[in-house]
1. Considering only DSSP states other than H, G, I, E and B, which GluC sites (Glu not before Pro) in region 30-69 qualify as loop sites with at most 12 other Cβ atoms within 10 Å?
2. Once amide H atoms are built 1.01 Å from N in the peptide plane, which residues 5 or more positions from Ala55, or in another chain, come under 5 Å H to H?
3. According to the square roots a ≥ b ≥ c of the eigenvalues of the Cα gyration tensor, what is the shape class of region 86-150, taking rounded for a/c under 1.5, prolate for a/b larger than b/c otherwise, and oblate for the remainder?
4. Work through the residues other than Asp54 whose Cβ is under 10 Å from its Cβ and net out their charges, Lys, Arg +1 and Asp, Glu -1.
5. In what sequence, highest mean first, do 126-133, 102-109 appear when ranked by Cβ atoms within 10 angstrom?
6. Which net charge results for the neighbourhood of Asp81, defined as the other residues with beta-carbon distances under 13 angstrom from its beta-carbon, given Lys and Arg at +1 and Asp and Glu at -1?
7. Using the Cα centre of region 99-159 as the reference point, and only Cβ charges (+1 on K/R, -1 on D/E), how large is the resulting charge dipole? Debye, rounded to the nearest 20.
Amino acid sequence: MCPHILLGIMVLALWGCATPEPVKAPPKMEIKSSFYVGALELTLKKAADPQSADAARLTLNEQVELVEKGPAGWLLVRAADGRQGWANEKYLKLRPLSDFYVRRWGTPLRATPEDRGKTIAKLRPNDQVRLLNRNAQGWAQVEVGRIQNTGWVELKNLSTEKVVVRRRPATPGKAGGKATAPEAAEAPGEEPAPVEAAPPAPSIIGPKPAEAAPPPAKKEPGRPKVRPEIFEPF
């Protein structure tokens, strides 16, 4: 074979090895993002604005699918049953919530999910509980770490974050008065601190209270009495 032809074949072979074939990009896969409601109750809006009209209402740990991203952290989401609306991303979580905090002092932990259920213990503000189950009537079965016990509480008495607790001042008028038990300052519906009753107003029917008597009047010095027997007749 002619050396020139052989050289040309070798050059063509080397050129083919030096030029890689274009790599085909893999087909794009559609990724569906899902979230869980991270509030006890979440109201979806018709627009990405807190002042917009209500579109739907979701409950705790309900799963939703991302439809569209909006401005300022707003997301258009859709529930499994087709309910759809805008929600702020701070109320959406990547996984269901299980840890909560007690909001009110003296929240009863009951044996059954009803107001008449036997009280197992009284819970304190910021007692951490773990959600085990819940029902449609607004009750949650929880495990309380502080007392290592399980029972039912109303969902309205729980919070996803710790609450600020303040102490009530000591009751005035009592010697050695001590501050009462702490109360949750950020618990909506919390009963106000007891207020001492004012003294009753005097009755307009009964007798009036005794008035102070005026001071006794000073007696003027009188003239000395004259006894007639001490004078002699003229």
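1. Numbers: sites: Glu30, Glu41, Glu62, Glu65, Glu68; in loops: Glu30, Glu62.
Here the sparse-neighbourhood loop sites are Glu30.
2. Correct list: Leu44, Lys45, Lys46.
3. On the way: a/c = 2.12, a/b = 1.67, b/c = 1.27.
Because a/c hits 1.5 or more and a/b exceeds b/c, region 86-150 counts as prolate.
4. In short, +3.
5. 102-109, 126-133
6. My count for the surroundings of Asp81 gives +1.
7. Approximately 160 debye in magnitude.
Computed from the coordinates by the stated procedures, all read-outs in this text should not be read as laboratory data. Just so it is clear, the model here is predicted, and its values are computed rather than measured. FYI the Cβ positions are ideal-geometry reconstructions off the backbone, even for glycines, and counts take in every protein chain you see.
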